[in-house]
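The values are calculated or read from the model by the stated rules, or taken from the named source; none is laboratory data. What you are looking at is a predicted structure, and each value in this text was computed from that prediction instead of being measured. Positions of Cβ are generated from backbone atoms using ideal geometry, with glycine treated the same way; all protein chains shown enter the neighbour counts. Quick note on the areas: whole protein, heavy atoms, side chains included, nothing else; ligands and nucleic acids left out. Shrake-Rupley method; radii C 1.70, N 1.55, O 1.52, S 1.80 Å.
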Amino acid sequence: MSIKRTRESEEMYLETILLLHNSSANVRAVDVCEALGYVKSSVSRGVNLLKKRGYIDIDPVTGNIAFTDAGRKKAEGIYERHRTLTKALEKLGADPVLAEENACRIEHVVSDEMMQVFRDFVAD
């Protein structure tokens, strides 16, 4: 269970950083704290793990977070899953808010094979 939670947490941080970068050139850990509503110590640990795994770089002077190529690719993949799942749930008749909330949870546990089923469903 801890592996799943670690993956979900990692993916939430990556997706949040991506969305923050879409609206601002400079993203720092404090911005991630505000976006997720997490305490600074949790975000600091999470961001440092992303750096250790080679997904982000952190400017030592400004604290700005930048994606590595691998980190950007992973974050964009996570966000694509989120958008696809949201669209699929809405297509099934879910309220947009409900679809968004559930897509956010499902995106971390759905298999690649099942994601392709959702992609095909949304493409129809």
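Residues whose amide H lies under 5 Å from that of Ile56, counting only those 5 or more places away or on a different chain, are Lys51, Thr68; hydrogens are built 1.01 Å from N in the peptide plane. Rounded to 0.05, the FRET efficiency of the Lys51 and Met114 pair, given R0 = 25 Å and the Cβ-Cβ distance, is 0.20.
Counting only aspartates and glutamates at least 8 places from Lys91 when in the same chain, those with an alpha carbon closer than 16 Å to its own are Glu100, Glu101, Asp120, Asp124. Take the Cα of Ala66, step 7 Å toward its Cβ, do the same at Glu100, and the gap between the two points is 3.1 nm. The relative contact order of the chain comes to 22 percent, based on Cα pairs under 8 Å that sit 6 or more residues apart. If the Kirkwood radius is taken over C-alpha pairs of the chain, then at 25 °C and 0.890 mPa s the Stokes-Einstein diffusion coefficient equals 161 µm²/s. The accessible surface of the chain, taken with every protein chain in place and a 1.4 Å probe, is 54 percent carbon and sulfur. Once the 1.4 Å probe is applied to the protein heavy atoms, the chain comes out at 61 Å² accessible per residue. Look at where the Cα atoms of the stretch 9-35 and of the stretch 80-124 average out, and the two centres are 22 Å apart. Within a straight-line Cα-Cα reach of under 24 Å, Lys52 can be paired with the following lysines, leaving aside sequence neighbours fewer than 8 residues apart in one chain: Lys4, Lys40, Lys73, Lys74. Using a Förster distance of 30 angstrom, determine the FRET efficiency expected from the C-beta separation of Leu92 and Leu19, and round it to 0.05. Efficiency for this residue pair is about 0.80. Taking Cβ atoms as reference points and 12 Å as the exclusive limit, the residues near Cys104 contribute a net charge of -3, counting Lys and Arg as +1 and Asp and Glu as -1.
DSSP loop trypsin sites (Lys or Arg not before Pro) in the stretch 1-91 with at most 14 other Cβ atoms within 10 Å of their Cβ, which ones? In loop regions of the stretch 1-91 (DSSP not H, G, I, E or B), the sparsely surrounded trypsin sites (Lys or Arg not before Pro) are Arg53.
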